[in-house]
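This report refers to the structure that appears directly beneath it.
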Amino acid sequence: MEVIGALDAYIAAASRAFCSPLAIFIQLQGCCICLLLAIGWGFAAHVRNREIRRMRRSFKGGNSFAFLCQDIDELEHSAQVDLPRVSVVMPLKGFGEHNLQNWRSQITSLYGGPLEFLFVVESVDDPAYHVVSTLISEFQDSVDAKIIEAGFSTTCSQKIHNQLAGVEKMHKESKYVLFLDDDVRLHPGSIGALTAEMEKNPKIFIQTGYPLDLPSGSLGSYCIYEYHMPCSMGFATGGKTFFLWGGCMMMHADDFRLDRHGVVTGLRDGGYSDDMTLAAIAGAHKRLITSPPVAIFPHPLASDLSFSRYWNYLRKQTFVLESYISEVNWMMNRALFSSHIYLSWGFVAPYFMAMIHLVAALRMQFSDYPFKETTHTSVGLLLAGCLAVCTVIELISMWNLTKVEIKLCSMLSPEGPPVSLKSYNWGLIFLAMLVDNFLYPVSSLRSYFSKSINWSGVRYHLKNGKIHKIERCGEPTYSYLGGKHLFGRRGCPQKNSFLSSLSRSMLQWHQPKKFDA
């Protein structure tokens, strides 16, 4: 009884302390963060919804191909022959459960202009090499695609090394280069939509998009979904943005041929993150980055995505803030570092305080222990109630944006089965919000002090914001995030029955399976 009494005393004292002016400010700040997120997601949903309404008007107006282009006359042969050449560069690393569907959606694009696909691996021992070889052989008469062996990186990250190797091999007449990650599932008209925007506004430096995570059901997958959702607001502007996602970037090919603004040297000489480096270059030279409303891509997460893989992915995301190419870039990263830590723990702390208020109220209601201080109890319950209301508004706004983006993805890929919002577990999403925002500052501080990270069997060390040392550890066998096989025996054959069934479906009218059943 003495222990219970002491615990009651501590709970009552904590609840009373959390009613101080500073504590009340922190709790009200948590409410404000929830409401600001809700407003941001509401605006993002409005932008995506506007595109849905435009497509519906086009369908009613007789344009059955509104998912490909806004004006059906653009599909006329006279317009198609004038389309510019595009080189699609895809840096690969390993092979996972969703990769083949992603590559199939990329290679079966309905872009009407000259198009080449460059799959870049570090060596032929990469498991992706054999799968891509089989995929290309199925389309060798209709698609211009090839595999490039880039070798191991020595001065930059392996992804950047593969990207630059692809750029060196792209067609000399290519006007645009599109970088895609292996976890991007394109819509049939994605390349055409991106190219049309580049043609419409030559001042665009980079066009980008953003993924819509499809959680697999584990807490780790929901943490990744929750991590990406706040960032989605910066990509749902319908035009100019300051954000850049390395999974989808279309640029002018001549920017790389001429090393304009130092894009090649900035990436090659110690670059760790492709999107952060290019975003810094764009900001330094006041170049335009845009994200069209149709550039939202379904991103199914691995079914076996464990919490440890999520943690290493978070480590990778915070580690990029330790890389920079200039003093201004360093200052911007420090500002992001500080503000994100402040906002993350500023988001989590009010829930801890609200829990103490609720426990104190319950103990005082049903316990005989004489801590009947109704003033701070009522204030604490009022604060907890405000936070609960703001949380519900925030979750509804997140749910609405997810629903709108799922609808837009389904309309942009009418050949694929739609994804149901019913598969989302909103209880786990709320838990993921707390876990992710609590762990982000921990990961940031660890990245700040360590200045190194092991990603997919390669350890990168930073010095003065650039990679100065690369160690190939040979472990793990799987990538942290996607569960992809990273190492395999050379010439290792794939199962014929599996590839045969996939190839049969690929030979039908460009019907890439955009979503897994």
Quick count over region 128-175, residues being over 27 Å from the mean Cα position of the chain (by Cα), open to solvent by 70 Å² or more (accessible area, probe 1.4 Å) and free of Cβ contacts under 8 Å to residues at least 24 places away in the same chain, is 4
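Given Leu22, Leu28, Leu35, which one is in a helix (DSSP H, G or I), free of Cβ contacts under 8 Å to residues at least 24 places away in the same chain and not small (Gly, Ala, Ser)?
Values: Leu28 fails: free of Cβ contacts under 8 Å to residues at least 24 places away in the same chain; Leu35 fails: free of Cβ contacts under 8 Å to residues at least 24 places away in the same chain.
Going through Leu22, Leu28, Leu35 in turn, just one is in a helix (DSSP H, G or I), free of Cβ contacts under 8 Å to residues at least 24 places away in the same chain and not small (Gly, Ala, Ser): Leu22.
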Would you pick out the residues in region 302-324 that are at pLDDT below 90 and over 20 Å from Leu439 (Cα atoms)? Ala302, Ser303, Asp304
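With a cut-off of at least 2 residues that are more than 23 Å from Ala335 (Cβ to Cβ), among the aromatic types (Phe, Trp, Tyr) and in contact (Cβ under 8 Å) with a residue 12 or more places away in the chain, name the helices (runs of 4 or more DSSP H) lying wholly within region 184-284.
On the way: elements: 190-200, 219-235, 253-257, 263-268, 274-284.
Result: 219-235.
Name the single residue, out of those in region 72-98 being of a type in the set (S, T, N, Q) and open to solvent by 10 Å² or more (accessible area, probe 1.4 Å), that is nearest to Ile296 (Cα to Cα). Please lay out each step first, then the result.
Going through region 72-98, the residues of a type in the set (S, T, N, Q) turn out to be 78, 80, 87.
So of that shortlist, the ones also open to solvent by 10 Å² or more (accessible area, probe 1.4 Å) come out as 78, 80.
Working: Ser78: 29, Gln80: 24 Å.
Filtering first and then ranking leaves Gln80.
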Of the residues Leu178, Leu194, Leu186, which single one is under 14 Å from Leu83 (Cα atoms), buried (at least 24 other Cβ atoms within 10 Å of the Cβ) and under 20 Å from the mean Cα position of the chain (by Cα)? Leu194
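On the given criteria, is Asp125 under 16 Å from Ser456 (Cβ atoms), open to solvent by 50 Å² or more (accessible area, probe 1.4 Å) and of a type outside the set (Val, Ile, Thr)? Step through it out loud before you land on a result.
Numbers: under 16 Å from Ser456 (Cβ atoms): yes; open to solvent by 50 Å² or more (accessible area, probe 1.4 Å): yes; of a type outside the set (Val, Ile, Thr): yes.
Here the answer is yes, as Asp125 does meet what is asked.
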Output the number of the condition that Gly209 fails; it satisfies all remaining conditions of (1) under 30 Å from Leu75 (Cα atoms); (2) touching a strand residue (DSSP E or B) at 6+ places or on another chain (Cβ under 6 Å); (3) surrounded by fewer than 22 Cβ atoms within 10 Å (Cβ to Cβ). (3)
Taking the criterion of being surrounded by 19 or more Cβ atoms within 10 Å (Cβ to Cβ), over 30 Å from Ala253 (Cβ atoms) and of a type in the set (Phe, Trp, Tyr), would at least one residue in region 47-63 satisfy it? no
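The values are calculated or read from the model by the stated rules, or taken from the named source; none is laboratory data. If you're wondering where the values come from, they're calculated on a predicted model, not measured in any experiment. Because the Cβ atoms are built from the backbone with ideal geometry, glycine has one as well, and the counts that use them run over all protein chains shown. Ligands, DNA and RNA are excluded from the accessible area calculation, which covers all protein heavy atoms including side chains. Shrake-Rupley method; radii C 1.70, N 1.55, O 1.52, S 1.80 Å.
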